[in-house]
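Structure, as structure tokens:
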Amino acid sequence: AKSDHVPQGGDIKIFSEKVQVKAEPKVGSLDNITHTPGGGSVRIKSEKIDLNGVSSKIGSLENINHTPGGGDVKIMSEKLAFKDMAQPRIDAQLSPNAIKDGQSATSGGSAASSS
């Protein structure tokens, strides 16, 4: 290296000052911040609408007293006696002794009857 070399930076200068930035919105959104809307002569009414003379278009109240006939169909509401007529598929009335012996209490036959 050359001992007599002196570096030169040309005409570049380094500043140590603080940069002051003035931040503002791009669109002037706060320009008209004190604006109050006038409204002019517009008034909002809150009256109820009079519906006394209104009637249906089709005339749905012409046959208001109609009761459906249904012909001669009658709805029965009596209880049916299934318990008196119903028979179990298997012999459920076995006595404890008949079960041990393999016999039916009512028929006297074997418990394994053909189905």
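Number of residues in the stretch 19-34 that are open to solvent by 100 Å² or more (accessible area, probe 1.4 Å) and modelled with pLDDT under 85 equals 9. Of all residues assigned to the stretch 58-74, at least one qualifies as being more than 38 Å from the chain's Cα centre (by Cα) and of a type in the set (A, V, I, L, M, F, W, C).
The values are calculated or read from the model by the stated rules, or taken from the named source; none is laboratory data. Just so it is clear, the model here is predicted, and its values are computed rather than measured. The area values use the complete protein model at the heavy-atom level, side chains included, leaving out ligands, DNA and RNA. Shrake-Rupley method; radii C 1.70, N 1.55, O 1.52, S 1.80 Å.
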